[in-house]
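One structure below.
The values are calculated or read from the model by the stated rules, or taken from the named source; none is laboratory data. Every value quoted in this text rests on a predicted model; they were computed, and no experiment measured them. Note: ideal-geometry Cβ built from the backbone for every residue, glycine included; neighbour counts use all protein chains shown. Areas reflect the complete protein model, heavy atoms only, side chains present, ligands, DNA and RNA absent. Shrake-Rupley method; radii C 1.70, N 1.55, O 1.52, S 1.80 Å.
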Amino acid sequence: MSTVNIIEGLAIKEQPEIKKKNSMDGSEVSLPEIFKEKLKDVNNLQIQSDESTKQLITGEADNVHEVLLNTEEAVLTLELAVKVRNKIVEAYQEVIKMQI
Amino acid sequence: MKIFDTFKISASGLTAEKMRMDTVASNIANATTTRTEEGGPYRRKIAVFRENLEKELDRISGQSETVSRGVKVDSIIEDPTPFRLVYDPMHPDANEEGYVEMPNVNVLNEMVDMIAATRAYEANVTALNASKAMFLKALEIGR
């Protein structure tokens, strides 16, 4: 999806190198990496939604509600991703505006 | 993703209710069917639901826990009640006394089952919309 690509481009560029402890194995993972990974998930859901819509149109889908649910999931995750991006950009701008 | 588990539970309800609707539709369609694969008239079908539980490993504690995955159709059983006997000597499947064994389907009962399935489907959609509304509300935090 093109929307996701735009976000990906924006987010990665504007991310400073913040290191964050990974809660799972204690290794250091940078925030941009986490964000990138999650964006990939969002993108996958968009693709899945597209795929199931295609199946509905071609008559392969057996349940209409599953198609709608996939679309809904894609919409909601994208919305969440946009919210997170906005927060990150907001924080970034706050830092940029700082007087030296 | 864990946040969409509620959706999946509601979706399983939708799938199950659709299955129930399918059996009702089959029962109504075959309300006067006297010939089947197994021989004899059609037997009324009933969808039996089962709670769908799944064992899952907890990521932090490493212990397995049971989580609900909603509902699933366990099996489709046949109603064991006796067939209806209808007097119709002209019918090709009539016995010597002129009686025909008709399916044990009561269309009125099927209509009631159909309404129940429709309403249950609606209820699942409502639950789904409510969980979606909750998610959207959560997105509004800090705005």
Worksheet entry | Long-range neighbours under 9 Å by Cβ, at least six apart or interchain, first residue facing chain B (nearest Cβ under 7 Å) within the stretch A:66-77, second open to solvent by 40 Å² or more (accessible area, probe 1.4 Å) and among the charged types (D, E, K, R) | A:Leu69/B:Lys8; A:Glu72/B:Lys132; A:Leu76/B:Lys132
Worksheet item: When you look at B:Glu110, is it under 16 Å from the mean Cα position of the chain (by Cα), open to solvent by less than 50 Å² (accessible area, probe 1.4 Å) and over 30 Å from A:Asn86 (Cβ atoms), yes or no?
Response: yes
Response to the item:
Considering residues that are without any contact (Cβ under 8 Å) to a residue 24 or more places away in the chain and small (Gly, Ala, Ser), the number found within the stretch B:35-61 is 2
Worksheet item: Does B:Leu128 satisfy being out of contact with any strand residue (DSSP E or B) (no Cβ under 7 Å at 6 or more places or on another chain), farther than 28 Å from B:Glu51 by Cα and open to solvent by less than 60 Å² (accessible area, probe 1.4 Å)?
Response: no
Worksheet item: Just one of B:Asn106, B:Asn124 is away from every other protein chain (no Cβ under 14 Å) and of a type in the set (S, T, N, Q); which is it?
Response: B:Asn106
Discussion item. Residues that are out of contact with any Ser or Thr (no Cβ under 9 Å at 6 or more places or on another chain) and polar (S, T, N, Q): does the stretch B:41-53 have at least one?
Written reply: no
